[in-house]
Amino acid sequence: MKGLWRALAGESLFMTTDESQSDNAWVVFTIGAPERIMEFKLEAGQSLICQKDTFLCAEQGVSVEMHFRKQLGAGLFGGEGFILQKISGPGTVFLEIPGDLQERTLATGEKILIDPGHIAFFEPTVHYDISMVKGIKNVLFAGEGLFLATLTGPGRIWLETLPLSNLAGKLKKYLPTKSS
């Protein structure tokens, strides 16, 4: 059943296990895009709430499961953020983050509005909500998405600077197209 929950959270149904046969062995893992690998040591009971596809690998003891958004409509139409990953300790986890990473600590009640695609992960104490952008001018002429995420403290948040969907959009104009 854990594999099914992982699959719903955007990960593989099965987990590969690598085990060292000697003291001097190495396990190397790579990423497939311009991303940054972050290492976190999670204590027992400590968790992070992450965007789908953030989990790279972890020590045994770390669990990856689906973290469901309560607001179905906002999640479906908000693009990013309907199904999140909950990664819990104990153990070391490696996360892959597109672009660079900005960490911030929100005070109790402090809010930040951000494009949902730029949220890498946050502590479970942070309240996460998605709302539609207000104003017809903003929707038609701003060139941004229709939804904004609101993160409300207390807790730490990590924001990514280059969501892969944005990178793909930038690269698209340089890719060859079929001509009729």
- Exactly one of Lys170, Lys86, Lys178 is under 24 Å from Ile31 (Cβ atoms), modelled with pLDDT under 90 and not hydroxyl-bearing (Ser, Thr, Tyr), and that one is Lys170
- Task: Within the stretch 103-137, track down each residue that is surrounded by 13 or more Cβ atoms within 10 Å (Cβ to Cβ), modelled with pLDDT under 95 and more than 25 Å from Met66 (Cβ to Cβ).
- Result: Val133
- Output for Cβ contacts, cut-off 6 Å, separation at least six or different chains, first residue closer than 19 Å to Leu42 by Cβ in the stretch 113-134, second at pLDDT 95 or above and small (Gly, Ala, Ser), reads Glu123/Gly155; Pro124/Ser47; Thr125/Gly155; Val126/Gly155
- Task: Search the stretch 60-81 for residues being in a loop (DSSP other than H, G, I, E, B), at pLDDT below 90 and in contact with a strand residue (DSSP E or B) (Cβ under 8 Å, 6 or more places away or on another chain), and hand back the single one that is surrounded by the most Cβ atoms within 10 Å (Cβ to Cβ).
- Result: Gly78
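For the stretch 95-110, which residues satisfy the criterion of being farther than 18 Å from Thr161 by Cα and assigned to a strand (DSSP E or B)?
First, the residues of the stretch 95-110 that are farther than 18 Å from Thr161 by Cα: 106-110.
Once the filter is applied, which keeps residues that are farther than 18 Å from Thr161 by Cα and assigned to a strand (DSSP E or B), the stretch 95-110 yields only Leu106.
The values are calculated or read from the model by the stated rules, or taken from the named source; none is laboratory data. These figures come from a predicted structure and were not determined experimentally. So basically every Cβ, Gly included, is an ideal-geometry build from the backbone, and we count neighbours across all protein chains shown.
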